[in-house]
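The values are calculated or read from the model by the stated rules, or taken from the named source; none is laboratory data. On a predicted model such as this, the values are computed, not experimentally measured, just so you know. Note that each Cβ is placed from the backbone with ideal geometry, even for glycine, and that neighbours are counted across all protein chains shown. Each accessible area value is taken on the protein alone, full model and side chains, heavy atoms only, with ligands, DNA and RNA left out. Shrake-Rupley method; radii C 1.70, N 1.55, O 1.52, S 1.80 Å.
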Amino acid sequence: MDKASQDRIAKLHPLVRNEVTLIVNECNAALKGPSQMRIAQGLRTFEEQNDLYALGRTKKNPNGVTAARPLGATVTNAKGGQSVHNYGFAVDIVMIIDGKTASWDTKKDWDGDKVSDWDECVKIFAKHGWSWGGNWSSFKDMPHFDKIGYSNWRLLSTMKRDPRTNYVII
């Protein structure tokens, strides 16, 4: 697993860190070609979430912010506090090809096993009890996964937080 993924996992809610580490390692072991899965995004502050919400609305979405959305498109429908990312129970992924090029191509079968590399990871996340934003009925969020049972931001927003760590107390 690459350092970027490790650093992002270390900031997730402590309840899911080991599981996400396992998932990343399982995905990367399953991918036999030049692609490896990376955690592109994990925990976001409310401020970071509000900045993403502004993209395509009050701020221009510059090329490269997210290849999963076209230039000028909105990136999220969630304001600060309204995303499971804000509580450390969601991740976004990206495929890294040959250790250097980011790809959000959900159809590419880099390892030639007749299953897209993205779908291989979707199945592994599902096996571990994570839902996929690609299954949402509107505003599909292909890179997004959140932990089933901890995916209700409304509930998470009402929970007490640990004063030392700021994570919700479960």
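Overview of results
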{"quantity": "Unit Cα scatterers, Debye sum, region 4-151: log10 I(q)/I(0) for q = 0.20 Å⁻¹", "calculated": "-1.33"}
{"quantity": "Area accessible to solvent at TRP132, 1.4 Å probe radius, in Å²", "calculated": "30"}
{"quantity": "Heavy atoms of MET142: accessible area, 1.4 Å probe, square angstrom to 10", "calculated": "60"}
{"quantity": "Most fluctuating residue given options GLY129, GLY99, GLY33, as computed from a GNM of the chain linking Cα atoms under 10 Å", "calculated": "GLY99"}
{"quantity": "Cβ-derived FRET efficiency at R0 25 Å, ASN25 paired with VAL115, nearest 0.05", "calculated": "0.85"}
{"quantity": "Convex hull volume per residue in cubic angstrom - Cα atoms of region 66-170", "calculated": "140"}
{"quantity": "Distance (nanometres) between label positions extended 7 Å along Cα→Cβ at ALA126 and ASP2", "calculated": "2.6"}
{"quantity": "Region 93-130-region 16-36 distance, computed between alpha-carbon centres (Å)", "calculated": "10"}
{"quantity": "Computed over region 89-136: relative contact order in percent, which uses C-alpha pairs under 8 Å that are six or more apart", "calculated": "19"}
{"quantity": "Full-stretch length increase - THR58, LEU15 - with 0.36 nm per residue and alpha-carbon distance subtracted", "calculated": "12.0 nm"}
{"quantity": "Within straight-line cross-link reach of LYS147, aspartates and glutamates at Cα separation under 17 Å, skipping those fewer than 8 residues along the same chain", "calculated": "GLU19, GLU26, ASP92"}
{"quantity": "Proximal aspartates and glutamates relative to LYS107, as straight alpha-carbon distance under 12 Å, when same-chain residues fewer than 8 apart are discounted", "calculated": "ASP117, ASP119, GLU120"}
{"quantity": "Per-residue SASA entry for LYS108, accessible area with 1.4 Å probe, Å² rounded to 10", "calculated": "80"}
